[in-house]
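The values are calculated or read from the model by the stated rules, or taken from the named source; none is laboratory data. As the structure is a prediction and not an experimental result, all values here were calculated from the model. When we count neighbours, we look across all protein chains shown, and the Cβ atoms used for this are built from the backbone with ideal geometry, even at glycine.
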Amino acid sequence: IGGVTIARNEVVRDDDPTNNVPDSIFSKLGMQLHRRDKHPIGILKNAIYDYFDSNYDKQFDKFEDLSPIVTTKQNFDDVLVPADHVSRSLNDTYYVDSQTVLRCHTSAHQAELLREGRRRFLVTGDVYRRDSIDSTHYPVFHQMEGFCVFSPEHWKESGKDSTLYAAEDLKKCLEGLARHLFGGVEMRWVDTYFPFTEPSFELEIYFKEDWLEVLGCGVTEQRILKQSGLENNVAWAFGLGLERLAMVLFDIPDIRLFWSDDERFTSQFKEGELGVKFKPFSKYPPCYKDISFWISESFTENNFCEVVRGIAGDLVEEVKLIDSFTNKKGMTSHCYRIVFRSMERSLTDEEVNDLQSKVRDEVQRKLNVELR
Ligand code: PHE
């Protein structure tokens, strides 16, 4: 599938102290769900392409096989992410080595494409983030970046200031996209912050009694345009989360399902058919296991979740902090509830006990915590 093969030793480096890419992540590289026309992610990508092709006369260039292995310059510096921003930490991002990461957003490609002379483009790809575990978070997901440069004649004619012109055009474009994909849906704009845009917005969609963030966007910082000699222009950019949108569109209840090759999942989707509602196959029973330990200073929830996922893979549905307290000596205890559930079969007690005991061993060995 796709044209990319990435060797294990290109991303998992046991000899490099900065490397924090586990085998479970390596196994996702090159899967290219977004290039499968019968997969919900591919179907959604194609529907978004249709919207841009018909409304912008095919002026947006499309990229969908840029390597997810990028430099820290591409991922952070080129899009003005400050040196001390949390997203640069080993806790949030997968580092191949100190200079190389698995992109955490498709914005990593903005600068190089501008420098190449591109002015309107869409970039689709897999992105990687260390994160907690629940039904809407998975350490690999797919984004589509949109970027659109305007020259002075565009906004001069409107009589508006360039930033306002771009912001209005951006919102109009994305509201049109939402209508194209959903017909009617409840949505709202929320002001936010990104290092690379000002002003910046998020679009949220009402889903399962809650507001779900589906995209970030804004008017591109002038410094980014200047880096490519576009100081007299203005631009907008957006980055949308394909899984989140697809969950709403196809009624997919759990983000792990996108990675399933169970026929009861894959056979429900057809090329070009957007928004067919997914019929959940019977849910197998969950199994809950609690684990308590005294944490050390270096403990982070993301590290814990990665250990759990390294052992249980997609058999883990959720990891929840259910209790935390600090004793008189200043030691802090955490109790986590791990929800094990397979989407394909019933798990046996024996199997779950075995997973949990491996989790206990490994947490102790790798995370410097004291089990209680
Ligand atoms: N890169 C941002 C994210 O991943 C999304 C974004 C893209 C925001 C482009 C603004 C402009 O959250």
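Taking the range 287-339 as the search range and keeping residues that are of a type in the set (Phe, Trp, Tyr) and crowded, with 19+ Cβ neighbours inside 10 Å, which one is farthest from Tyr138 (Cα to Cα)? Per the criteria, the residue is Phe293.
Picking from Leu114, Leu102, Leu90, Leu44, which residue would you name as being over 24 Å from Tyr138 (Cα atoms) and surrounded by 14 or more Cβ atoms within 10 Å (Cβ to Cβ)? Steps first, please.
Numbers: Leu102 fails: over 24 Å from Tyr138 (Cα atoms); Leu90 fails: over 24 Å from Tyr138 (Cα atoms); Leu44 fails: over 24 Å from Tyr138 (Cα atoms).
Residue meeting the stated conditions: Leu114.
Checked against (1) within 16 Å of Phe147 (Cα to Cα); (2) within 14 Å of the ligand (Cβ to nearest atom), Ser228 passes all but a single condition, namely (2).
I'd like the residue in the range 356-370 that is hydrophobic (A, V, I, L, M, F, W, C) and part of a helix (DSSP H, G or I) and, out of all such residues, is surrounded by the fewest Cβ atoms within 10 Å (Cβ to Cβ).
If we filter the range 356-370 for residues that are hydrophobic (A, V, I, L, M, F, W, C), which is where we start, we get 359, 363, 367, 369.
Still in the running and part of a helix (DSSP H, G or I): 359, 363, 367.
On the way: Val359: 22, Val363: 21, Leu367: 17.
In this case the residue turns out to be Leu367.
The residue of the range 185-224 that is farthest from the ligand (Cβ to nearest atom), among those that are surrounded by fewer than 18 Cβ atoms within 10 Å (Cβ to Cβ) and not in a strand (DSSP E or B), is Glu209.
Of everything in the range 94-136 that is within 11 Å of the ligand (Cβ to nearest atom) and in contact with a Lys or Arg (Cβ under 7 Å, 6 or more places away or on another chain), the residue that is nearest to Asn233 (Cα to Cα) is Cys104. Which of the residues spanning the range 231-267 are acidic (Asp, Glu) and either in a loop (DSSP other than H, G, I, E, B) or without any contact (Cβ under 8 Å) to a residue 24 or more places away in the chain (or both)? Selection gives Glu231, Asp251, Asp254, Asp261, Asp262, Glu263.
Just one of the numbered conditions (1) modelled with pLDDT under 95; (2) in a strand (DSSP E or B) is not true of Met343: (2). Selection of the range 277-319 for residues being out of contact with any helix residue (DSSP H, G or I) (no Cβ under 7 Å at 6 or more places or on another chain) and farther than 23 Å from Arg365 by Cβ yields Lys279, Pro280, Ser282, Lys283, Tyr284, Pro285, Pro286, Tyr288, Glu317, Glu318. Does Leu114 satisfy being at pLDDT 95 or above, in contact with a Gly (Cβ under 6 Å, 6 or more places away or on another chain) and either more than 30 Å from Val319 (Cβ to Cβ) or in a helix (DSSP H, G or I) (or both)? Spelling it out, it is not the case that Leu114 is at pLDDT 95 or above, in contact with a Gly (Cβ under 6 Å, 6 or more places away or on another chain) and either more than 30 Å from Val319 (Cβ to Cβ) or in a helix (DSSP H, G or I) (or both). Scanning the range 231-248 for residues that are more than 24 Å from Pro280 (Cβ to Cβ) and away from the ligand (no atom under 11 Å from the Cβ) gives Glu231, Asn232, Asn233, Val234.
Being more than 16 Å from the ligand (Cβ to nearest atom), assigned by TED's automatic domain parsing to the domain that holds Asp78 and either buried (at least 18 other Cβ atoms within 10 Å of the Cβ) or at pLDDT 95 or above (or both): is that true of Leu181 here? Working first, answer last.
Working: more than 16 Å from the ligand (Cβ to nearest atom): yes; assigned by TED's automatic domain parsing to the domain that holds Asp78: yes; either buried (at least 18 other Cβ atoms within 10 Å of the Cβ) or at pLDDT 95 or above (or both): yes.
Criteria met by Leu181.
What number of residues in the range 137-158 are touching a Phe, Trp or Tyr at 6+ places or on another chain (Cβ under 9 Å), over 22 Å from Arg223 (Cα atoms) and either of a type outside the set (Ser, Thr, Tyr) or away from the ligand (no atom under 16 Å from the Cβ) (or both)? Count: 6. Quick check: is even one residue across the range 270-284 β-branched (Val, Ile, Thr) and outside any loop (DSSP other than H, G, I, E, B)? Checked against the condition, which is being β-branched (Val, Ile, Thr) and outside any loop (DSSP other than H, G, I, E, B), the range 270-284 yields no hits at all.
Please return the ranges of strands (runs of 3 or more DSSP E) entirely within the range 1-98 where 3 or more residues are of a type in the set (Phe, Trp, Tyr).
Where strands (runs of 3 or more DSSP E) fall fully within the range 1-98, none carries at least 3 residues being of a type in the set (Phe, Trp, Tyr).
Filtering Val359, Val339 for residues that are hydrophobic (A, V, I, L, M, F, W, C), touching a Cys at 6+ places or on another chain (Cβ under 8 Å) and under 27 Å from Tyr284 (Cβ atoms) leaves a single hit, Val339. Out of everything in the range 1-60 that is of a type in the set (Asp, Glu) and modelled with pLDDT of 95 or more, what residue ends up being farthest from Gly176 (Cα to Cα)? Only one residue tops the list, namely Asp37.
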